[in-house]
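The values are calculated or read from the model by the stated rules, or taken from the named source; none is laboratory data. What you see is a predicted model, and the numbers here were worked out from it, not measured in a lab. Note: ideal-geometry Cβ built from the backbone for every residue, glycine included; neighbour counts use all protein chains shown. Heads up: the accessible areas ignore ligands, DNA and RNA and are worked out on the full protein's heavy atoms, side chains in. Shrake-Rupley method; radii C 1.70, N 1.55, O 1.52, S 1.80 Å.
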Amino acid sequence: AAPHALAVAPQHGDVRVARRLPAVQRGGLVQVFDPFGFLADFDEQLIASRIWTDTRQIDEQLTRLTAHMETVLQKYLRNEFATIHEYNAQAGEVAEPFQVLVAANFPTNFSEAAARKLVSIATSGPRCGVYTLIMVDRKQKMPTNFDLNDLAAGAVHLDWVSASEHGTVGAEREFDEI
């Protein structure tokens, strides 16, 4: 079975070097994040020790990230700064870290509430320095009352098209923007 994952990685300033990469993934499989394992050799704080797999855990992590966004809005941006980028330009050494949330094979193990939180993070997060990378498994049933277009709005889309689907022979792959 294909791996399923959610990861959150804080990053610093314009350099955008990930400091931690906690992950969520179904069934305890870690293949999606195996390529990132070498980063711990560089700095142990780049990779967190946990991959989140359970529906409840995924919801908790999304709640934590949503609370972080609320803190950024209330504590750092207020009415003074439009984005965390502007705040960080003034903050210097106390700049607020950026974060990247990665979800593999969405919507596997995402509840309806977690899917709504993911949409909120994807749409409002960039202002707060929270970015998303979401891999959607279109073979999976979407959560009740969830519209994938809400998640896709304003996003950059890459669609994996296999050679057999594209009518070509061999192992060639193409990305089509949707």
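Do we have Asn88 as open to solvent by less than 30 Å² (accessible area, probe 1.4 Å) and within 21 Å of Thr66 (Cα to Cα) here? Yes: the conditions hold for Asn88.
Quick check: is even one residue across region 132-147 hydroxyl-bearing (Ser, Thr, Tyr) and modelled with pLDDT under 80? Explain how you work it out, then say what you get.
Of region 132-147, the ones hydroxyl-bearing (Ser, Thr, Tyr) are 132, 144.
Keeping just the survivors that are modelled with pLDDT under 80 gives none.
No, every residue in region 132-147 fails to be hydroxyl-bearing (Ser, Thr, Tyr) and modelled with pLDDT under 80.
Taking the condition under 22 Å from Arg56 (Cβ atoms) and at pLDDT 90 or above, does Ser120 pass? Answer is yes for this residue.
Let's see how each residue does on (1) out of contact with any strand residue (DSSP E or B) (no Cβ under 6 Å at 6 or more places or on another chain); (2) at positive phi:
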residue: Arg64; (1), (2): yes, no
residue: Asn88; (1), (2): yes, no
residue: Gly92; (1), (2): yes, yes
residue: Glu96; (1), (2): yes, no
residue: Val100; (1), (2): no, no
residue: Ala104; (1), (2): no, no
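Residues that are open to solvent by 30 Å² or more (accessible area, probe 1.4 Å) and either part of a loop (DSSP other than H, G, I, E, B) or in contact (Cβ under 8 Å) with a residue 40 or more places away in the chain (or both) within region 120-130 comprise Ser120, Ser124, Pro126, Arg127, listed in sequence order. Within the set Ala153, Ala103, the sole residue that is surrounded by 19 or more Cβ atoms within 10 Å (Cβ to Cβ) and touching a residue at least 24 places away in the same chain (Cβ under 8 Å) turns out to be Ala103. Here Lys117 fulfils each of the conditions (1) at negative phi; (2) in a loop (DSSP other than H, G, I, E, B) apart from (2).
If you take the residues of region 131-150 that are in contact with a Leu (Cβ under 9 Å, 6 or more places away or on another chain) and more than 24 Å from His85 (Cβ to Cβ), which of them is most open to solvent (accessible area, probe 1.4 Å)? Explain how you work it out, then say what you get.
First, the residues of region 131-150 that are in contact with a Leu (Cβ under 9 Å, 6 or more places away or on another chain): 131-134, 136, 138, 142.
Subset that is more than 24 Å from His85 (Cβ to Cβ): 136, 138, 142.
On the way: Val136: 54, Arg138: 142, Met142: 44 Å².
Checked region 131-150; the qualifying residue most open to solvent (accessible area, probe 1.4 Å) is Arg138.
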